[in-house]
1. Please enumerate the residues belonging to the range 120-149 that are in a strand (DSSP E or B), within 13 Å of the ligand (Cβ to nearest atom) and over 30 Å from GLY51 (Cβ atoms).
2. Going residue by residue through the range 274-287, is there one that turns out to be under 31 Å from the mean Cα position of the chain (by Cα) and among the charged types (D, E, K, R)?
3. For the range 130-140, does any single residue satisfy the condition of being of a type in the set (A, V, I, L, M, F, W, C), touching a Ser or Thr at 6+ places or on another chain (Cβ under 8 Å), free of Cβ contacts under 8 Å to residues at least 40 places away in the same chain and farther than 22 Å from ALA249 by Cβ?
4. Which one of these is within 29 Å of VAL314 (Cβ to Cβ) and away from the ligand (no atom under 12 Å from the Cβ): GLY243, GLY230, GLY204?
5. Sort out for me the helices (runs of 4 or more DSSP H) sitting completely within the range 6-80 that have 3 or more residues that are of a type in the set (S, T, N, Q).
6. Hey, does the range 254-270 have a residue that's more than 27 Å from ARG297 (Cβ to Cβ) and modelled with pLDDT of 95 or more?
7. Of the numbered conditions (1) of a type in the set (Ser, Thr, Tyr); (2) more than 15 Å from the chain's Cα centre (by Cα); (3) more than 8 Å from the ligand (Cβ to nearest atom), SER84 satisfies every one except a single condition; which is it?
Amino acid sequence: MRALTHLSDEEELFRSTVAQFARERLAPHVRQMDHAGVFRAELLTEFFELGLMAVDIPEEFGGQGGSFFQTVLAIEELAKVDPSASVIVDVQNTLCNSAIQRWGNEDQKRRYLPRLAKDMVASYALSEAGSGSDAFALATRAIEDGGGYRLSGRKLWITNAAEAGLFLVFATVDALAGYRGITAFLVERGTPGLTVGKKEDKLGIRASSTCEVILDDCRVPHENRLGETGKGYKIAIETLNEGRIGIGAQMTGLAQGALDHALAYAKERKQFGKAIADFQGVQFELAEMAVDVEASRLMVYNAARLRDAGLPFVTEAAMAKYFASQIAERVASRAVEVLGGVGFTKDYPVEKLYRDAKIGRIYEGTSNMQRLTIAKQILGK
Ligand SMILES: Cc1cc2nc3c(=O)[nH]c(=O)nc-3n(C[C@H](O)[C@H](O)[C@H](O)COP(=O)(O)OP(=O)(O)OC[C@H]3O[C@@H](n4cnc5c(N)ncnc54)[C@H](O)[C@@H]3O)c2cc1C
């Protein structure tokens, strides 16, 4: 039996490659990208070249042929340096690539997986202004006509939308049918009727684009319906169940990044004639932060390994996302305090990690939605 955190040679090679990329290529640009609220195009190209946008797409479609667990490792390593970079990779792999691999027919897999592995960014368009936690109250309509469907509605908060070439859009074919009307569609950028709208100016993960996506009588051919009519709710639930593990990994990586900065600073900074790391008060802070990160990582890795083993993982995934997003906020906040005044400035990375942590409790199901899922499972409801 292997320990959860024991990585195979292949996993360790992959992890260290991503870590090196994050340190050498990503880190120098993080502050500027956060300030500008834009992700650098050449880094996205490097994501594709490194295989980070297609970690578990099979090699026959141009992907890395890796595991879901490897996706989680990539998300965690990127988040240590930049949680914005990490969510770009997260949405591509755990939501979009995964939905097409699982529900796409052979033609759809042949048409889209090689492009998603090569240069096509994907977005997952479920939320709307009136339907967030209550996602299945969505109002975007899909009206069937001779050649396919006409989609109309407004999607809000869509990650990667500024860069995306493909949108996985959820719409209803029958508003009166409730969740049973929800159907998934693959809509390419450039399809007449699809416009990417306003980009949000955010507290954190500022370099990750979050935009409105407007569909105005947007014609989508029959062959771009993903899965069965009326089964989009199942695609949404099941992809988000997995996606949550990715967000747990993002938050764990973020917390580890904040802890690493705090450790380095505590050894350097001198007060009262010695390093602040020599004070027991500071040591205890750092020790508690390390415990939080370890517990969070174990929960995330366990959920990911359960998923790869084909075992039930829904409760563990919700717990991991819930806990990891809590500890990310707590650890980043404590890291700011360990750095004292400079921790509060943009000259040191912990200020940004503190802001970035907040999103973990909101997207892919708020903390309350995770608590609901966990409660339902443990109460057998
Ligand atoms: C940066 C960012 C990126 C995002 N990316 C995407 C994306 O790529 N694709 C996508 O489809 N969506 C995306 N979202 C949307 C995100 O998933 C929603 O914001 C989230 O699900 C919450 O929905 P809401 O904002 O409408 O909040 P609401 O649902 O209005 O919730 C507001 C508050 O009420 C609480 N609440 C609501 N219902 C209940 C209940 N039944 N019981 C207890 N408490 C409840 C919530 O927990 C929350 O605290 C993104 C959002 C952000 C901010």
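1. First, the residues of the range 120-149 that are in a strand (DSSP E or B): 122-125, 128, 131, 141-145, 148-149.
Pick out the ones that are also within 13 Å of the ligand (Cβ to nearest atom) and you get 122-125, 128, 131.
Of everything in the range 120-149, those that are in a strand (DSSP E or B), within 13 Å of the ligand (Cβ to nearest atom) and over 30 Å from GLY51 (Cβ atoms) turn out to be GLU128, SER131.
2. Looking only at the range 274-287, we keep the residues that are under 31 Å from the mean Cα position of the chain (by Cα), and these are 285-287.
Still in the running and among the charged types (D, E, K, R): 285.
Yes.
3. First, pick out the residues of the range 130-140 that are of a type in the set (A, V, I, L, M, F, W, C): 135-139.
Still in the running and touching a Ser or Thr at 6+ places or on another chain (Cβ under 8 Å): 135, 137-139.
Among the residues that remain, those that are also free of Cβ contacts under 8 Å to residues at least 40 places away in the same chain are: 137, 139.
Now narrow it down to the ones that are farther than 22 Å from ALA249 by Cβ: 137, 139.
Scanning the range 130-140, I find at least one residue that is of a type in the set (A, V, I, L, M, F, W, C), touching a Ser or Thr at 6+ places or on another chain (Cβ under 8 Å), free of Cβ contacts under 8 Å to residues at least 40 places away in the same chain and farther than 22 Å from ALA249 by Cβ, so the answer is yes.
4. Working: GLY243 fails: away from the ligand (no atom under 12 Å from the Cβ); GLY204 fails: away from the ligand (no atom under 12 Å from the Cβ).
None of the other options fit; the residue is GLY230.
5. Working: elements: 9-21, 30-36, 41-50.
So the answer is 9-21.
6. As a first pass, look at the range 254-270 and keep what is more than 27 Å from ARG297 (Cβ to Cβ): 270.
Then drop every residue that is not modelled with pLDDT of 95 or more, which leaves 270.
Yes, that holds for at least one residue.
7. It is condition (2) that SER84 fails.
Let's see how each residue does on (1) more than 19 Å from ASP134 (Cα to Cα); (2) touching a helix residue (DSSP H, G or I) at 6+ places or on another chain (Cβ under 6 Å):
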{"site": "ALA328", "(1), (2)": "yes, yes"}
{"site": "LEU339", "(1), (2)": "yes, yes"}
{"site": "LYS358", "(1), (2)": "yes, no"}
{"site": "ARG361", "(1), (2)": "no, yes"}
{"site": "ILE374", "(1), (2)": "no, yes"}
{"site": "LYS381", "(1), (2)": "no, no"}
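The values are calculated or read from the model by the stated rules, or taken from the named source; none is laboratory data. Keep in mind the model is a prediction, meaning the values are calculated, not measured. So basically every Cβ, Gly included, is an ideal-geometry build from the backbone, and we count neighbours across all protein chains shown.
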